[in-house]
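The values are calculated or read from the model by the stated rules, or taken from the named source; none is laboratory data. Values in this document were obtained by computation on a predicted structure and should not be read as measured data. Cβ placement follows ideal geometry from the backbone for every residue including glycine, while neighbour counts extend to all protein chains displayed.
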Amino acid sequence: MILFPPAKINLGLHILHKRNDGYHELETGMIPVPFFDILEILPADDFQFKQTGLTIPGDSDTNLCVRAYQLMKDRYSIPPAYIHLRKIIPMGGGLGGGSSDAAFVLKGLNSIFNLEIDTITLEQLAGELGSDCPFFIQNVSQIAEGRGERLTKIPLELKGYYFKIINIGIHVGTKEAYAGAQFSTSKKTVKEILSQPISSWKNELVNDFEKTVFQLHPQLAELKEKLYWEGAIYAAMSGSGSTLFGIYENEPKKLFANNSGVMEIIVGI
């Protein structure tokens with residue numbers, strides 16, 4: 001079985017308050033975008049995990065794909081599997097690639113071994129792996145609340161628009177992003193703002209991580225301004241960073257040369 005776990009983009013992100021469990025209460029809009037890792041899952045005599053493409057730091061035993069397999073093995077006594085992850089989505093960029101990979105391992109194993117696990121249960125399992133993982137089970141436009149595990153579908157119509165997604169190689173750790181983050185002062189919810197015309201988003205749809213991350217990395221703030229300068233209707237940082245994106249009515253040109261070392265992709269929705 002070959003699967004294509006996509007990246008996600010955050011449309012607005014409000015940090016509401018710190019919870020008693022140490023996490024932060026969030027509200028954000030999330031959409032999948034057609035920028036993919038590649039995942040191969042096959043039944044096997046012994047479990048094996050292979051990873052190619054972009055190098056993922058750390059021990060492979062802690063990879064979310066491996067953890068997803070172990071979770072399914074512990075809960076449902078599934079047989080061994082061979083998992084090959086071709087990593088294309090950059091890590092630490094706010095695109096949710098690792099979470100997407102893990103969610104698609106759960107869905108792939110469910111299908112291969114005919115487990116017939118329902119969507120709600122898959123989302124609960126995904127939530128044990130990471131806050132963004134449940135989003136990728138249904139893999140449609142949703143509002144995420146709580147730590148990201150409370151999901152509500154939203155009728156967000158962006159068909160015909162173009163997304164430019166740029167990562168200039170800055171890694172923003174989650175702790176780093178939260179360290180100076182301030183709570184939202186918006187009088188409207190993300191859901192309310194997303195229901196408005198996209199032309200209003202520039203002035204109202206805020207990612208609360210931007211203030212802190214842009215202070216630490218001013219070149220990201222400059223890049224956001226460049227996206228607006230070249231005609232983006234809306235531009236922002238995704239998640240806790242450092243990936244920036246712009247939304248356009250017409251297909252934009254690339255800002256960087258192909259050999260610049262910058263990841264820059266343009267996708268139509």
- Task: Please find, among 242, 200, 186, the residue that is surrounded by fewer than 18 Cβ atoms within 10 Å (Cβ to Cβ), touching a residue at least 12 places away in the same chain (Cβ under 8 Å) and not assigned by TED's automatic domain parsing to the domain that holds residue 144.
- Result: 186
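Among the residues that make up the range 113-125, is at least one of them assigned to a helix (DSSP H, G or I), under 28 Å from residue 247 (Cα atoms) and in contact with a helix residue (DSSP H, G or I) (Cβ under 7 Å, 6 or more places away or on another chain)? Quick ask: steps written out before the conclusion?
First, pick out the residues of the range 113-125 that are assigned to a helix (DSSP H, G or I): 119-125.
Next cut, under 28 Å from residue 247 (Cα atoms) only: none.
There is no residue in the range 113-125 that is assigned to a helix (DSSP H, G or I), under 28 Å from residue 247 (Cα atoms) and in contact with a helix residue (DSSP H, G or I) (Cβ under 7 Å, 6 or more places away or on another chain).
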- Odd one out for residue 9, checked against (1) farther than 19 Å from residue 127 by Cβ; (2) loosely packed, with under 15 Cβ neighbours inside 10 Å: (2)
- For residues in the range 20-31 being of a type outside the set (Asp, Glu) and in contact (Cβ under 8 Å) with a residue 40 or more places away in the chain, which is farthest from residue 143 (Cα to Cα)? 23
- Query: On the given criteria, is residue 12 among the small types (Gly, Ala, Ser) and under 15 Å from residue 131 (Cβ atoms)?
  - Reply: no
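In the range 68-92, what residues are in a helix (DSSP H, G or I) and either surrounded by fewer than 17 Cβ atoms within 10 Å (Cβ to Cβ) or among the acidic types (Asp, Glu) (or both)?
70, 73, 74, 75, 76
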- Task: Could you check how many residues of the range 142-170 are surrounded by fewer than 20 Cβ atoms within 10 Å (Cβ to Cβ) and not in a strand (DSSP E or B)?
- Result: 13
- Can you name the number of the only condition in (1) touching a strand residue (DSSP E or B) at 6+ places or on another chain (Cβ under 8 Å); (2) surrounded by 22 or more Cβ atoms within 10 Å (Cβ to Cβ); (3) aliphatic (A, V, I, L, M); (4) under 22 Å from residue 152 (Cα atoms) that residue 16 fails? (2)
- Query: In the range 15-54, what count of residues is obtained for those that are under 30 Å from residue 185 (Cβ atoms), out of contact with any Leu (no Cβ under 6 Å at 6 or more places or on another chain) and at pLDDT 95 or above?
  - Reply: 5
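Conditions (1) polar (S, T, N, Q); (2) more than 22 Å from residue 176 (Cα to Cα); (3) assigned by TED's automatic domain parsing to the domain that holds residue 178; (4) touching a residue at least 60 places away in the same chain (Cβ under 8 Å), marked per residue:
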| residue | (1), (2), (3), (4) |
| --- | --- |
| 49 | no, yes, no, no |
| 67 | no, yes, no, yes |
| 74 | no, yes, no, no |
| 78 | no, yes, no, no |
| 93 | no, no, no, yes |
| 101 | no, yes, no, yes |
| 118 | no, yes, no, no |
| 137 | no, yes, no, no |
- Query: Of the numbered conditions (1) surrounded by 14 or more Cβ atoms within 10 Å (Cβ to Cβ); (2) farther than 29 Å from residue 168 by Cβ; (3) of a type in the set (S, T, N, Q), residue 99 satisfies every one except a single condition; which is it?
  - Reply: (2)
- Task: State yes or no: is residue 39 more than 19 Å from residue 95 (Cα to Cα), outside any helix (DSSP H, G or I) and in contact with a His (Cβ under 8 Å, 6 or more places away or on another chain)?
- Result: no
- What number goes with the only condition from (1) modelled with pLDDT under 95; (2) within 17 Å of the chain's Cα centre (by Cα); (3) in a helix (DSSP H, G or I) that residue 61 does not pass? (2)
